[in-house]
1. Looking at the range 21-41, which of the residues that are among the aliphatic types (A, V, I, L, M) and within 23 Å of residue 281 (Cα to Cα) is modelled with the lowest pLDDT?
2. Given the criterion basic (Lys, Arg), without any contact (Cβ under 8 Å) to a residue 12 or more places away in the chain and either open to solvent by 20 Å² or more (accessible area, probe 1.4 Å) or under 19 Å from residue 70 (Cβ atoms) (or both), identify the matching residue among 287, 199.
3. Does any residue in the range 182-194 that is assigned to a helix (DSSP H, G or I) come within less than 7 Å, Cβ to Cβ, of a residue that is open to solvent by 80 Å² or more (accessible area, probe 1.4 Å) and not small (Gly, Ala, Ser) six or more places away or on a different chain, and which pairs are these?
4. Any idea which of (1) without any contact (Cβ under 8 Å) to a residue 40 or more places away in the chain; (2) within 18 Å of residue 35 (Cα to Cα); (3) open to solvent by less than 10 Å² (accessible area, probe 1.4 Å) is the one residue 262 doesn't satisfy?
5. What about residue 252, is it touching a residue at least 60 places away in the same chain (Cβ under 8 Å), in the same structural domain as residue 117 (by the TED database) and open to solvent by less than 10 Å² (accessible area, probe 1.4 Å)?
6. Could you list, in sequence order, all residues of the range 202-214 that are open to solvent by 40 Å² or more (accessible area, probe 1.4 Å) and not in a loop (DSSP other than H, G, I, E, B)?
7. I'd like to know if the range 315-327 contains one or more residues that are at pLDDT below 90, out of contact with any Pro (no Cβ under 7 Å at 6 or more places or on another chain) and either of a type in the set (Lys, Arg) or within 24 Å of residue 44 (Cβ to Cβ) (or both).
8. Within the range 1-20, how many residues turn out to be more than 18 Å from the chain's Cα centre (by Cα) and at pLDDT below 70?
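The values are calculated or read from the model by the stated rules, or taken from the named source; none is laboratory data. Here the structure is a predicted model, which means the values were calculated and not measured. Virtual Cβ from ideal backbone geometry, glycine too; neighbours counted across all protein chains shown. For accessibility, only protein heavy atoms count, side chains too; no ligands or nucleic acids. Shrake-Rupley method; radii C 1.70, N 1.55, O 1.52, S 1.80 Å.
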Amino acid sequence: MAFNNDLSVILPRVLIVSRRSVRKNKFVDFVGEYHLDLIVTYGAVPVIVPRVNGVHMLLDSFEPIHGVLLCEGEDIDPSLYEPETSGLSPEEIEEIRRLHASDTAVDKEKDSIELRLAKLCLERNIPYMGICRGSQVLNVACGGTLYQDIGKELTRKLPEDQRVVHMDYDNYDGHRHFVKVVENTPLHCWFKDSLEVGKMDILVNSYHHQGVKRLAQRFVPMAFAPDGLIEGFYDPDAYNPEEGKFIMGLQFHPERMRRPDSEEFDYPGCPSAYQEFVKAVLAYQKKLNSSTALPKQLKLNKEMEHKRKIIVRSFSLAKNLYTAGIEMNPTKQSELEAGAEFLESNTALSVQQENRLKQMGATVRNGSRYIEKLKLNEERDRLARNVMGKMSVEQLSDLMSFYHMMGQICSEVLERKLNGIVNDNAC
């Protein structure tokens, strides 16, 4: 089968970070089957990002990224959102670790990978859905905080009738508790046909001992548990699946809300989060492809086509002179002027581009000025490397993300300007 690297025919890619476990004395990375099944069902390809040391520095290798789904995992390092331990005593912290031994072992590499992906989605408006821990990652990435332990920090302060059991180690899939859905939110839209008259409650599956304490300012709650804990939230300014916008966190597990010994969902709205998320992923991919596709060949009028041919002739002649090492005669020197003038009027070239043009011999006419400019660029390169050598890994990663975003903006602006040239010439 012939390989086709046209981005337009690649199925949309959804990155999912694996969770690490130990099996037969070896680490095993895995992702829950329900997440993978639903992503595939609605038309996207799940790409598993392994929880391996150093992967947080290699996320560019997973491009193109059309969506990110973050799900289960261990507790997020509390130092990432709380300078102190929320007033918990050492004895209480130790008790929490005993009660939730499988979840309290902080995985800093996973934290780093997922926080970088969350911030990348926020910077580039890539569709993001967080389930359980993934919703907590999203809140922390935007400046929110978490309860380090719901039982110690929230439940014990409430009267008995308001307390909620958020996890049951003996009944992972079957455990349910009520949540109240907030009206006029995406969650309400998905479950409204299942709500009883005059009520906004649904039963959800959950499995967590931590949760949102202070919701980041940009988000709006979509559901509350009876103890007041936020069970779902979204960014209303970044939610429009048809336009490729989707930023949402769900603390509960809609993918696990299925009838006993059956694949049938508790409610018809359970898979809607995945369906709308993938819809946004598809739209984002289409938008990304249209902005990064190579510009169509410009249709030039006769005058511009004549100038283009002169410049091409100039570069071709310069290349031949450079390759053969022959001195120029007056006629050829005049023909080189068109290429030289073109270079002088297009100074916003990268060092790599200038090196390539030099090798072609396109700067024969103004060689001395070129050498000076190249030396200046080399000095700037050296200074930049010295400065970046003193930066931390996190600072370098943020800087790389910034310039990636600027490159995308430049590409979009350049395309608009090129289209403007064509339109002006057509008038």
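1. 31
2. One residue alone meets the criteria, 199.
3. Cβ pairs passing all conditions: 193/268; 194/268.
4. Every condition holds for residue 262 apart from (3).
5. So residue 252 passes the test.
6. 203, 213, 214
7. Within the range 315-327, one or more residues are at pLDDT below 90, out of contact with any Pro (no Cβ under 7 Å at 6 or more places or on another chain) and either of a type in the set (Lys, Arg) or within 24 Å of residue 44 (Cβ to Cβ) (or both).
8. Residues meeting the conditions: 8.
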